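Reviewing the structure listed below.
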Amino acid sequence: MSQFIPLSVPNFGAREAALAGEAITSGWVSTSGGKVTEFEQALADYVHMPRAVACNAGSSALHLAAMAAGITRGDEVIVPTLTFIAAVNPLTRYVGAEPIFIGCDDSLCIDPDAVEAFCAERCELRGGKLYNKATGAHVKALEVVHVFGNLGDMERLTEIAQKYHLILIEDATEALGTRFTAGKFAGKFAGTVGDIGCYSFNGNKIITTGAGGAVVSNHPDWAEHAKHLSTQAKTNLLQFFHDEVGYNYRMTNVQACLGIAQLERLEAFIAHKKALYDHYVEKLDGVKGLRILPFREDCTRPNHWFFSLYVKDFALDRDEIIEKLQAQGIQTRPVWALIHEQADYPRNEAYALDKALDYRKYIVNLPCSTNLSMEDCDRVIDAVLAL
């Protein structure tokens, strides 16, 4: 059998090894060490924000965002159902809030029409706050996940958030480097438009620190509070005084070293992702009923993190395709199971789900690593066409 082609794996080189080695040799391997601050500054500079708060996971970043935004027990948060479950748990169950699930549009991101319809038809504004008519709860926040690096419709979503007095949280864990190139937010990066944004550096992300995340915010006090919470909420380092319940969420110095080196390569990674995506489109889109789902490229520069093969009109179904490619040493996967169907969530409201249900059933994600060669890309293409 030919060499195994994974779905998405890290791309490390000599620079990463050298910086991590320096941290290990110095003994500064935990959450103390200058490289964490250096990485935070490099990330903040890259996304044009005044500061970034590095933490140990994207999930931790979202939990910090929820707490910094003041989301608490009894609140409700509008969230997408087509996403990874870590986008929803920290904003809801971790802080005692309840989700309201909304379906997607053709970008795979949360559907702004459905969000607005839900707010207008099922909620009411009272005293400058939005309340759910069915539950009586305060609908406090709206989360957009920039799925697979595709920007959600932020112009519409920011307008909706302002109209209905919602905190706007951006889950940009899949979208580092994605940015607007035209329109109201030209030049702004995913994660920097709303009130608070989060990134992930998990092993399969476009850059990785093994595990890691970061928070940015347009409210400086929220970012400061997130940093405070991430370091056990210490107010006195010597005497170990803590003024609230904090968390051990800080990124380590070794992880930060990886992040510094990876961030230096991010634009090259994005360029290679774009080349791979274009090659898949050229060879597969429109052939045998197959489609490669598009990214929003009219006013954005997506990072093309994951590529979605849409197989509704193909001869084989999603799971048959995945199984047959796996037998040839090619790893693919379906899009996530919808969150409103997951354990503990069916009791929550779900709205405008048709497209999300369809995409769940018919998407196969193709290999897309930043070190995937064009030769291996061709092997994937040939295997799909031979099915």
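I need the shape label for region 245-385. Rule: rounded when a/c is under 1.5, else prolate if a/b > b/c, else oblate, with a, b, c from the alpha carbon gyration tensor.
Numbers: a/c = 1.79, a/b = 1.11, b/c = 1.61.
The shape class here is oblate.
Quickly rank 165-178, 68-81 as a protection proxy: mean count of other C-beta atoms within 10 Å, highest first.
Details: 165-178: 26.3, 68-81: 21.6.
Output ranking for 165-178, 68-81: 165-178, 68-81.
Near the amide H of residue 145, within less than 5 Å, lie the amide hydrogens of 110, 171, all on another chain or at least 5 residues away, with H placed in the peptide plane.
With springs only between Cα atoms under 10 Å, which of 129, 355, 188 fluctuates most in a Gaussian network model of the chain? Residue with maximal mean-square fluctuation among 129, 355, 188: 129.
Extension gain, residue 85 to residue 297: 0.36 nm times the residue separation minus the Cα-Cα distance gives 73.6 nm.
Helices from the chain with mean Kyte-Doolittle at least -0.5 and a Cα length along the axis of 24 Å or more, per DSSP H: which?
Numbers: long enough: 266-284 (27 Å, -0.15).
What comes out of the filter, once short or polar helices are dropped, is 266-284.
Evaluating 6.51 cos²θ - 1.76 cosθ + 1.60 at θ = phi - 60° for every residue in region 184-194, the Karplus couplings come out as 4, 10, 3, x, 7, 8, 3, x, 10, 8, x Hz, glycine and proline recorded as x. The number of Lys pairs in region 190-300 with C-alpha atoms less than 27 Å apart, excluding pairs fewer than 8 positions apart on the same chain, is 8.
For the chain, evaluate the Debye formula with one uniform point scatterer on each Cα (no solvent term) and list log10 I(q)/I(0) at q = 0.09, 0.10, 0.11 Å⁻¹, rounded to two decimals. Results for the chain at q = 0.09, 0.10, 0.11 Å⁻¹ read -0.53, -0.65, -0.79.
Working note: 222 nm ellipticity from helices only, DSSP H runs with n ≥ 4, each -39,500 (n - 2.57), summed and divided by the residues of the chain, gives -10500 deg cm²/dmol to the nearest 500.
For residue 370, nonlocal amide neighbours, meaning residues 5 or more places apart or on other chains whose placed amide H falls under 5 Å from its own, are 9. Highest average first, the peptides 32-44, 101-113 ordered by how many other beta carbon atoms sit within 10 Å of their residues are 101-113, 32-44.
For residue 140, the lysines whose Cα comes closer than 18 Å to its Cα, not counting residues fewer than 8 places off in the same chain, are 129, 163. Amide H contacts under 5 Å for residue 181: 187, 300, 301, restricted to partners 5 or more places along the chain or on a different chain, H placed in the peptide plane at 1.01 Å from N.
Just so you know, all these numbers are worked out from the coordinates, no wet-lab data involved. Being a predicted model, the structure only gives us computed values, none of them experimental. Note that each Cβ is placed from the backbone with ideal geometry, even for glycine, and that neighbours are counted across all protein chains shown.
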